[in-house]
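Read the structure below first, then the notes.
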Amino acid sequence: MKPGEGAWDVVVVGAGPAGLLAAGRAAMLGARVLLLEKMEKPARKLRITGKGRANITNMKALEEQLKEIQPEPRFLRQAFQAFFNRDLIALLEAQGVATKVERGDRVFPASDLAWDVADALVAWAGAQGVEILPHARVERLVIHEGVFTGLGVARKSSRTPLEIEARCGILATGGQSYPATGSTGDGYRFAEATGHRIEALRPSLVRIETRPVHEGAQGLTLKNVNLTLWIDGKKQASEFGEVEFTARGLAGASVLRLSRKVVDAMAAGRMVAMTLDLKPALDPAKLEARLARDLEAHVGGTCGPLLRSLLPTPLVAVFCERLGLGPSAPAAQIQGSKRKQLLGLLKELRFEVTGHGSWEEAIVTAGGVSLKDIDPRTMASRKVGNLHFAGEVLDLDANTGGYNLQIAFSTGWLAGESAARQAVGSWLGGASLTP
């Protein structure tokens, strides 16, 4: 069936992870499915995710994954029960994409190529009978007496808008992060125009801007350090792992995991700071004993070599600046208050947070279509009949580790299944189909 020739059973807007799973699942159940993608190629964002490696899911159990998701993880129970991590791996392996599990139970394609995952999902959807239409920008939804009946589409190859009729629609348009990949917030506009509430949109999983920024430390990556977030002088959360020094502040996995709290606190006008514990394996007493030994070993020496025995070389200048001592100053000067100050810096190297990265570099979007307006059992709208939502357009986001993609895959699968049963069941006089 070609676009424009009568009504489709299901039309899906957005050929990312959620849209591909939704379209493929609907087609598996016998629905005639049209998948619309405004870019020239499906799954553009998926192809670059995880620095091109695609951390596609996580092998943690359902309850453990729910702990990584906000603001309402319980909303996802039915979606995760319908399609979860092992289901995704089985689907990919059936398409010839082997996977591997790495530290933190994170799952990647064995090839380390996100492109392989994207191509496999596109091929899988096509094999189910999904018609994929690229360069198709949806301009409006058609709602008749509170029920979705179709949409208007602008085609790059035609000046005449394409009017598409469909029994059910699924919005899987993604969020607002990485807009160059096509995630420009279209779904939020469509949802709001049709009466859905939109929770405040914020960039999440994003680098943090700080003061001071130390030029000599830029590019340094610290592993096995503890990063703590402070809001209005109170400790809020800590993350153990990797931190990178950038030209404008801090990045790395630990920073990303704390970034949502940072963004929300700054939006509320609160004072935000971060501290680094460079010696998390040593409590204060053991660290003091270690420093005493190092000072004894550098009797008659200077501060530079002493600090290099305690720190990565790029941080030596940072500590000299904080201590008010040059690298050629006698190490013997690190006594009394200076010694106490050094111990404090090793356990709490402090940075004032001044901002965060933009939408262009945020990995995911926090906020979105209110979960109060969506039925978690079906991903169907509570505001508009025959309309479903899936993926990042929803007010759901998670920590790094493969959780965000699993949300997209699971909600897409459930939305596709629900839309197909609704559309095809009604077409066949209420009969339901089994996979």
Self-check item: Tensor-based shape of segment 264-400 (alpha-carbon gyration tensor, a/c under 1.5 rounded, otherwise prolate or oblate)
Solution: prolate
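How much net charge surrounds Ala331 when only other residues with a Cβ under 14 Å from its Cβ are counted (Lys, Arg +1; Asp, Glu -1)?
Once all neighbours under 14 Å are counted, the net charge is +2.
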Self-check item: Where N is the number of residues in the chain, Cα Rg divided by 2.2 N^0.38 Å
Solution: 1.16
Quiz item: To the nearest 500 deg cm²/dmol, what mean residue ellipticity at 222 nm is calculated for the chain from DSSP H runs of n ≥ 4 alone, each contributing -39,500 (n - 2.57), summed and divided by the residues?
Solution: -9500 deg cm²/dmol
Quiz item: So how strong a dipole does the chain carry about its Cα centre when Lys and Arg Cβ are +1 and Asp and Glu Cβ are -1, to the nearest 20 debye?
Solution: 680 debye
Quiz item: Sorted by mean Cβ packing within 10 Å, highest first, what order do the peptides 402-409, 294-301, 151-158, 175-182 take?
Solution: 402-409, 175-182, 151-158, 294-301
Quiz prompt | Simple label model, 7 Å out from Cα along Cβ direction - Arg159 to Glu139, nm | solution = 1.3 nm
Practice problem: Past 31 Å, Cα to Cα, is the threshold; run Lys60/Lys156; Lys235/Lys383; Lys67/Lys338; Lys67/Lys156; Lys45/Lys261 against it and keep the listed order. | Solution: Lys60/Lys156; Lys235/Lys383; Lys67/Lys338; Lys67/Lys156
Self-check item: Label point distance in nm, Asn224-Glu64, each placed 7 Å from Cα along Cα→Cβ
Solution: 2.2 nm
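Skip the ligands, DNA and RNA, and give the accessible area per residue of the chain with a 1.4 Å probe, whole Å².
Values: 18380 Å² over 435 residues.
With all protein chains present, the chain gives 42 Å² per residue.
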Quiz prompt | Share antiparallel - DSSP beta bridges, segment 108-213, percent rounded to 5 | solution = 100 percent
Self-check item: Phi to ³J(HN,Hα) by Karplus 6.51 cos²θ - 1.76 cosθ + 1.60 over segment 67-75, Hz, x for Gly, Pro
Solution: 5, 8, 10, 9, x, 9, x, 4, 4
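Over segment 109-254, what percent of the accessible surface lies on carbon and sulfur atoms, probe 1.4 Å? Can you show the working numbers first?
On the way: 3210 of 6690 Å².
Here carbon and sulfur together make up 48 percent of the probe-accessible area.
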Quiz item: Where in segment 330-348 does the label zone of Ala297 land, with the point 7 angstrom along Cα→C-beta and an amide N cut-off under 16 Å?
Solution: 331-332
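Restricting to the chain, compute how many DSSP beta bridges are antiparallel as a %, nearest 5. All intermediate terms of the calculation are to be shown ahead of the outcome.
Details: 56 of 74 bridges.
If I count the DSSP bridges inside the chain, around 75 percent turn out antiparallel.
The values are calculated or read from the model by the stated rules, or taken from the named source; none is laboratory data. Everything quoted here is computed from the prediction, not taken from an experiment. Note that each Cβ is placed from the backbone with ideal geometry, even for glycine, and that neighbours are counted across all protein chains shown. Surface areas here come from the heavy atoms of the whole protein model, side chains and all, with no ligands, DNA or RNA. Shrake-Rupley method; radii C 1.70, N 1.55, O 1.52, S 1.80 Å.
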